[in-house]
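> So that we are looking at the same thing, I have put the structure below in structure tokens.
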Amino acid sequence: LRAGIRPAEQLRTSLINFNQVQQLMRNVADSVQGLSAVVDDLAEAYRVQRQAETQLETVMRQRMGANDEMIQSVKDLCSAQQQIGVIGDEVQLAGAQQLATFLSQKSALDTLIPAMNNLAAQQRGIGATGSDMVSIANLMGKAMQGQTSALRRVGITFTEAQEKAVKYGSETQRAAALAEIITANVGEMNAALAKTDAGRAAQTANAMGDLKEQVGAMVAAWQPFTSTASQIVTTTANIGRFGQTIGGAVTAVVRGTGSMRFLRIATEQTSTAMRILGATMRMAFVGIGIFAAIEGISWLIRKLCDASEEAG
């Protein structure tokens, strides 16, 4: 039994070291997974905004022969509308690109966007989504094509003279008539909701959404890296848990018997556990390097937020 004391002590020491590495890897895994989730959220905000912008750009070029300046002016209009109302610009862009499929003049789109926002605010409230805006845009687009009965089905009333104005004349004239009808029914609902407590909260959320989009544009390229890092450290931590399970079994064997046979088994299991420990430590160094790189991203984000008026 004395001959087995030294191997048993070595085993106990190795298991303690192994548990320390295991705890380190759990901490690294938690940190990287948390940061990966933040990067995913920021990148998703940028993706939604960029998708809406791309759809608008494509439709305007196809339907209106629009150039970069014309497209940017529509984006600026949506941004200005966000400042006075509760409908986020990315949500407006989803509706604007759908509305543009019914039009051929940018001037008509400029006229209809504020009316679209007012109708969406009246129909859907503060929580209007991109899908809601597409539905509203389809409704208005059909009206521009003469299907004015769709407006009546959602409670929009108008005179016979107003109906004729929407059906006849140039596209710009019809757009002006439609915008007038909607405003006469729902007023400046978008701006009115922004003056409520919930509306002010929505405006703050929209401003923070813009900040997320800006940061998301910076970190989007890092998303595959952080996702891979998260997978690596999670796998490493799982390997550590497996080794810890083996260690627990070996400890139970050592404590449960003094026979040389079981000590020999324990020593063999220790060798296996130590090989796993070596692999885990190598992966730990990789994980730590990845973590350090991601910390650099976090520092950049903090600096941007510190310098941002919106964050202030």
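Only the coordinates and a few stated rules stand behind these numbers; no lab work does. Being a predicted model, the structure only gives us computed values, none of them experimental. Reconstructed Cβ throughout: ideal geometry from the backbone, glycine too, with neighbour counts over all protein chains shown.
> I'd like the Karplus ³J(HN,Hα) series for region 108-117: coefficients 6.51, -1.76, 1.60, θ = phi - 60°, whole numbers in Hz, and an x wherever there's a Gly or Pro.
5, 5, 4, 5, 7, 4, x, 5, 4, 5
> Ordered by residue, what ³J(HN,Hα) values in Hz, to whole numbers, does region 162-170 give under the Karplus form 6.51 cos²θ - 1.76 cosθ + 1.60, where θ = phi - 60° and Gly and Pro are x?
Going residue by residue, I get 5, 5, 5, 5, 6, 7, 10, x, 6 Hz, with x marking Gly and Pro.
> Still on this model: Once the convex hull of the C-alpha atoms of region 102-225 is built, how many Å³ does it hold per residue, rounded to a whole number?
126 Å³
> Something else: Mind jotting down the distance between the C-alpha centroids of region 139-155 and region 48-92, whole Å?
About 23 Å separates the Cα centre of region 48-92 from the one of region 139-155.
> In nm, give the distance between the simple-model label positions of Arg152 and Glu69, each being 7 Å from the Cα along the Cα-to-Cβ direction.
4.4 nm
> Here's a follow-up. Can you give the net charge of the other residues whose Cβ lies under 14 Å from the Cβ of Thr101, counting K and R as +1 and D and E as -1?
Neighbour charge sum, excluding Thr101 itself: +2.
> Could you rank the peptides 191-199, 102-110 by their average count of other C-beta atoms within 10 Å per residue, with the highest value first?
102-110, 191-199
> If the reach is capped at under 28 angstrom between alpha carbons, list the lysines near Lys212, excluding any in the same chain fewer than eight residues apart.
The qualifying lysines are Lys75, Lys195, Lys303.
> In terms of Cα to Cα distance under 27 Å, which lysines are near enough to Lys167, apart from those fewer than 8 places away along the same chain?
Result set, ordered by chain and number: Lys106, Lys142.
> For q values of 0.29 Å⁻¹, compute log₁₀ I(q)/I(0) with the Debye formula on a Cα-only model of region 137-188, without solvent.
Debye curve over Cα of region 137-188, log10 I(q)/I(0) at q = 0.29 Å⁻¹: -1.28.
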